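Asks: Here it is, the structure in full.
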Amino acid sequence: MVSTSPAPKVTPQEDPPAVPAAAGVSGGRGASILQEHALKLSMVSIEKGGVILVAAEGNITSSDVDPTSTNPLQTLLGATWCTNRVLLNMELSGYIDSSAIGWLMSTQKQFKDAGGKFVIYNVQPAVRQLLDMLKIGRILPIADDEAGARKLLAEGGAK
């Protein structure tokens, strides 16, 4: 038996509303993708002695750091970001790629050139293994914990 009921009425669907664009990015769907993958950094504290504690959250990949855009630390700390003494807690970053390594090295150079200091600590074992294999610790101070990071900051250099 063949059904003779009319075909269901199809209504055209509207495009979803545009998401506001990230700074320096034109609006549209691409902007929302960039916003979802921005490097998540948060300021934990600014101490009397001038030490700034910052925490990274999530994996750090090429979609998080763009060498042609503003350094995420500048966005967080302001124009004189690289003149500060910053400890970056990487406890919640379980994976980094080559772009993230480039960002860390570039950031370290900017701190050094401006007279600031930059130390990373609480690095996850898989990330630490990669950084150690590449001998990044010769350029960028890496500590096991916050106490070790403070000691490296006081000493003023990589291990």
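Asks: Sticking with the crude label model, points 7 Å out along Cα→Cβ, report the distance from Glu155 to Asp113 in nm, one decimal please.
Replies: Here the answer is 2.6 nm between the modelled labels.
Asks: Return the sequence-ordered ³J(HN,Hα) values of segment 92-100 in whole Hz as given by the Karplus equation 6.51 cos²θ - 1.76 cosθ + 1.60 applied to θ = phi - 60°, using x for Gly and Pro.
Replies: 9, 10, x, 8, 9, 10, 5, 5, 5
Asks: Going by how many other beta carbons lie within 10 Å of each one, how would you line up Tyr95, Tyr121, fewest first?
Replies: Numbers: Tyr95 13, Tyr121 22.
Ranking Tyr95, Tyr121 by Cβ neighbours within 10 Å, fewest first, gives Tyr95, Tyr121.
Asks: If you don't mind, there's one more thing I want to ask. Residues with amide H under 5 Å of Arg85's amide H, sequence separation 5 or more or different chain, H placed in the peptide plane at 1.01 Å from N; which?
Replies: Ile52, Lys117
Asks: Give me the one-decimal nm value for the distance between modelled label points at Ala79 and Gln129, 7 Å along each residue's Cα-to-Cβ direction.
Replies: Label at Ala79, label at Gln129, 4.5 nm between them.
Asks: Rounded to the nearest 0.05, what FRET efficiency do Ser42 and Ile139 have when you use their Cβ-Cβ distance and R0 = 30 Å? Show your work: numbers first, answer last.
Replies: Numbers: r = 25 Å, r/R0 = 0.83.
After rounding, the FRET efficiency stands at 0.75.
Readers should treat all values here as calculations from the given coordinates under stated rules, not as data from a laboratory. For clarity, every value in this text was computed on a predicted model and none was experimentally measured. Positions of Cβ are generated from backbone atoms using ideal geometry, with glycine treated the same way; all protein chains shown enter the neighbour counts.
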